[in-house]
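Down below is the structure, laid out as structure tokens.
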Amino acid sequence: MPPQNFRFDFLALPPKARLRIYKYLLVCKPQDQITPEYRPAAAQPLTPSILATCKQIHAEACPILYSKNEFLVSEPERIFRWFTQIGRLNIKHLRKVRIFVEAVYSTKEIPFLSTASESLSWYKLLDQLAREATGLRHLHIYWDADPTCGHYGAGKDLRFVRELAKIHGLKSMDVAGYYAIHWPRYLTEKMGILVQEKDRSQPYLQYLRKYQQGTEKLVP
């Protein structure tokens, strides 16, 4: 048993050993995502408090936290606050982002109101990702919608897909949910990668094709 005044010098460990510890403390399981400003799931607790230990540990560990995890983006205003907290340097470390675009309710089919504050927030967020998340390599996007109950999404919003196409440097991207028929081809051409349509199950494709009826003229 070490003496009571014993102090372990963590920074005296070899760099490889410190990196292994950071990964253990800061990286979720592959199937999990981190939702900014929410606590991680209890089944996979992270220990971000290590970042506040000292400047050296903060500098060494932050790239691990932001590059090795997948982050779920679904509320633009929440993400703006988070970006302010982590700063531009850490935004550059982001490598995996999963975007979930909530649908909006309407009494008639208005795909996504370009004057609505929520729409403008999404445009602003996509623009910020394109400019500042220069390390982003893997992107998944899901457009939510349920037209049967007036629950319309951004899958027919021309400006939304144009802003999305400004993101470059990706190695992989897949799309799912409800979107105009030309979106995957347009994104493939503009982003320089093959954009995969994720869900190919027959029941889903039937709903998607119905949603895409009438979107042939929505060419960005």
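The values are calculated or read from the model by the stated rules, or taken from the named source; none is laboratory data. Because the structure is a prediction, the values reported are computed rather than measured. Because the Cβ atoms are built from the backbone with ideal geometry, glycine has one as well, and the counts that use them run over all protein chains shown.
In the stretch 127-154, what count of residues is obtained for those that are under 17 Å from the mean Cα position of the chain (by Cα) and either modelled with pLDDT under 90 or over 27 Å from I86 (Cα atoms) (or both)?
Within the stretch 127-154, residues that are under 17 Å from the mean Cα position of the chain (by Cα) and either modelled with pLDDT under 90 or over 27 Å from I86 (Cα atoms) (or both) number 2.
Can you tell me which residue is nearest to R185 (Cα to Cα) among those in the stretch 150-167 that are of a type in the set (D, E, K, R) and part of a helix (DSSP H, G or I)?
R162
Here's the yes/no breakdown for (1) modelled with pLDDT under 90; (2) small (G, A, S); (3) on the phi > 0 side of the Ramachandran plot; (4) within 21 Å of the chain's Cα centre (by Cα):
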{"residue": "L13", "(1), (2), (3), (4)": "yes, no, no, no"}
{"residue": "P40", "(1), (2), (3), (4)": "yes, no, no, yes"}
{"residue": "E60", "(1), (2), (3), (4)": "no, no, no, no"}
{"residue": "S67", "(1), (2), (3), (4)": "no, yes, no, yes"}
{"residue": "I86", "(1), (2), (3), (4)": "no, no, no, yes"}
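Could you please give the count of residues in the stretch 191-220 that are free of Cβ contacts under 8 Å to residues at least 24 places away in the same chain and not in a helix (DSSP H, G or I)?
10
Here are L170, L208, L139, L164: which of them is surrounded by fewer than 18 Cβ atoms within 10 Å (Cβ to Cβ), in the same structural domain as D127 (by TED's automatic domain parsing) and among the aliphatic types (A, V, I, L, M)? If you could, list the steps in order and put the result at the bottom.
Details: L208 fails: surrounded by fewer than 18 Cβ atoms within 10 Å (Cβ to Cβ); L139 fails: surrounded by fewer than 18 Cβ atoms within 10 Å (Cβ to Cβ); L164 fails: surrounded by fewer than 18 Cβ atoms within 10 Å (Cβ to Cβ).
Answer to the check: L170.
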